[in-house]
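Below is one structure, written out as structure tokens; the observations come after it.
The values are calculated or read from the model by the stated rules, or taken from the named source; none is laboratory data. Just so we're clear, the structure is a prediction, and the values are computed from it rather than from any experiment. Cβ placement follows ideal geometry from the backbone for every residue including glycine, while neighbour counts extend to all protein chains displayed. Surface accessibility is based on the protein's heavy atoms, side chains included, excluding ligands, DNA and RNA. Shrake-Rupley method; radii C 1.70, N 1.55, O 1.52, S 1.80 Å.
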Amino acid sequence: MDYKKLQNGSDIRGVALEGIEGQSVNLTEKVCRDIGRGFAVWLKNKMGKSDLRVAVGRDSRLSGEKLCGWICSSMVEQGLSVTDFGMASTPAMFMSTVTEGYKFDGSVMITASHLPFNRNGFKFFIEKGGLEKADIKEILAIAESEEGTGLSKGELKNGEFMDVYSKILADKIRKATGEDKPLQGFKIVVDAGNGAGGFYAEKVLKPLGADTNGSRYLEPDGSFPNHIPNPEDKDAMKSITEAVKEVNADLGIIFDTDVDRAGAVLSDGSELNRNRIIAMLSAILLREHPGTTIVTDSITSTGLAKFIEEKGGVHHRFKRGYKNVINESIRLNGLGQDSQLAIETSGHGAFKENYFLDDGAYIVTKLLIELARGKKMGYTLESMIASLEEPKESIEFRMNIMLEDFKEYGQKVIDELTAYAQKKEGWSLAPSNYEGVRVNVEKAHGWFLLRLSLHDPLLPLNIESNDEGGAKVIAAELAEFIKNYDKLDAAKFIDFAK
């Protein structure tokens, strides 16, 4: 098979189990062993040494243990000393490369994030962070070859790191609040969706004094019988909202499968995700670091930009893709422009103070510090984002490009729409736009963004309006342009626009 097809940006993703029609297994034993060999060779070349130590963890997926066995034994055959940490979170696997007493040369996380039960994959880390697209491309090229490290056989050990990682998070809350049990008296519920995030209730919240009764789906189960572990999923958010209301919790927490993303529900039952969680974290960081720049993805709202500016910050709206926003924040810091947070509306958030690691558990840790602080100082989490102006309507369409060479066609649509928008009365191009074309529509007090998907033959279209019915007004105007492109499957959008 063509190993390059397994690359998904800076990750490797594939089908690990039968069970969905039309999706045949491509993460076979041979493929996984080849990937393990590819990473071993890549790491040896990168580090310039032969005594290499690697940690491996996995989320709750049904195929995780099998894939773990294959990649671990392959790396051992290539001369690496491998420690299997068993069930873990993606951020914890990175932390195993920088934590005193551990400091592995590299780490591997076996996960496919929020994708269906039959999918799985690999994420790789070194102490400088997650590997980049070019690194994954190189690993897969080595995997397709027969190149090896030339080292004598290594060893495989079992280990434990989640207790250590959990204590790091709990101690951060203790240090920030100056109390041993700063969450005493708070009801906090967690919905892990049967992913790897159940540890947070048991190993972080309870030791800090929180009452976690009413938490849901903490037990790992890779068939995900209750709902997809994903803060962007409606059923998942409905579940944690119900949990908060059932026990009158002070806060509800939800993680994705491998805990690199998080969302929350406030005590009044309102969701804290997308623009709202970005606003909350921005408010915290702008108090701690006045004037800092918040880097977000391209689909954040106009109201969020206004909120950040009113708090004294700079909103830098960049491209979709968590690695894109992280790397842009790092770039700005390198230029001398302080940027404390890089965050996507999907819930991927990375802090300068935390290695620019996208860590859902760390996001929650920041919220809990604020929850405890607010109780002492007489304010609530809800009050912190009371001034955030939210759109009346927000909708997304995903239009398939029905061509093999979809990127050229997609870019053509975007380029021609850009020229069209510059001439159309009542439309204006948004300033400082880094992805696709974003247009402000005066008539509907809103905007739309048309962009080309990072990996798929799609043109995602986002529309927001501050008026009731405004999204339809914007769609009707835009449909006059879109209907001219017959290689674009825009039927649902055109129907909405009528």
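A few comments on the model shown:
- A Cβ-based charge dipole, computed about the Cα centre of the chain with Lys and Arg at +1 and Asp and Glu at -1, lands at about 740 debye.
- Spatial offset of the range 87-140 relative to the range 161-194 amounts to 23 Å, using the alpha carbon center of each.
- Projecting the Cα atoms of MET384, GLY195, SER24 onto the charge dipole of the chain (Cβ charges, centred on the Cα centre) puts MET384 farthest toward the positive pole.
- In the range 176-249, the trypsin sites (Lys or Arg not before Pro) that fall in loop regions by DSSP, at most 11 other Cβ within 10 Å: none
- Net charge contributed by nearby residues that have their C-beta within less than 12 Å of GLU408 (K/R +1, D/E -1): 0
- When you restrict to C-alpha pairs under 8 Å that are six or more residues apart and normalise by the size of the chain, the relative contact order lands at 11 percent.
- Under the combined filter of DSSP loop state and at most 13 neighbouring Cβ atoms within 10 Å, the range 94-172 retains these trypsin sites (Lys or Arg not before Pro): LYS103, LYS128, LYS153.
- Two-decimal Rg to Rh for the range 310-368 - Kirkwood Rh, Cα set: 0.95
- DSSP beta bridges in the chain [antiparallel fraction, %, rounded to 5]: 65
- Mean ellipticity per residue at 222 nm, deg cm²/dmol - from DSSP H runs of n ≥ 4 across the chain, formula -39500 (n - 2.57): -11500 deg cm²/dmol
- Net lengthening on full extension, ALA386/LYS4 (0.36 nm per residue, minus Cα-Cα): 132.8 nm
- Residue-normalised convex hull volume from the C-alpha trace of the range 77-152: 130 Å³ per residue.
- Look at the alpha carbon pairs under 8 Å that are at least 6 residues apart: their mean separation over the length of the range 289-446 gives a relative contact order of 19 percent.
- Environment charge of LYS153, counting only residues whose C-beta is closer than 15 Å and scoring Lys/Arg +1, Asp/Glu -1: +2
- Distance between the modelled labels on GLU179 and SER145, one decimal in nanometres: 5.8 nm (7 Å Cα→Cβ projection).
- LEU115 contributes about 40 Å² of solvent-accessible surface, heavy atoms of the protein only, 1.4 Å probe.
- With at most 16 other Cβ atoms within 10 Å, longest stretch of the chain clear of loop chymotrypsin sites (Phe, Trp or Tyr not before Pro) (DSSP): 1-378
- Restraint check, LYS203/LYS366; LYS137/LYS319; LYS137/LYS323; LYS66/LYS123; LYS238/LYS311; LYS128/LYS352, Cα-Cα greater than 24 Å: LYS238/LYS311
- Selection of GluC sites (Glu not before Pro), the range 7-72, meeting DSSP coil and at most 15 other Cβ within 10 Å: GLU18, GLU21
- DSSP assigns beta bridges within the range 155-279; of those with both partners inside it, close to 55 percent run antiparallel.
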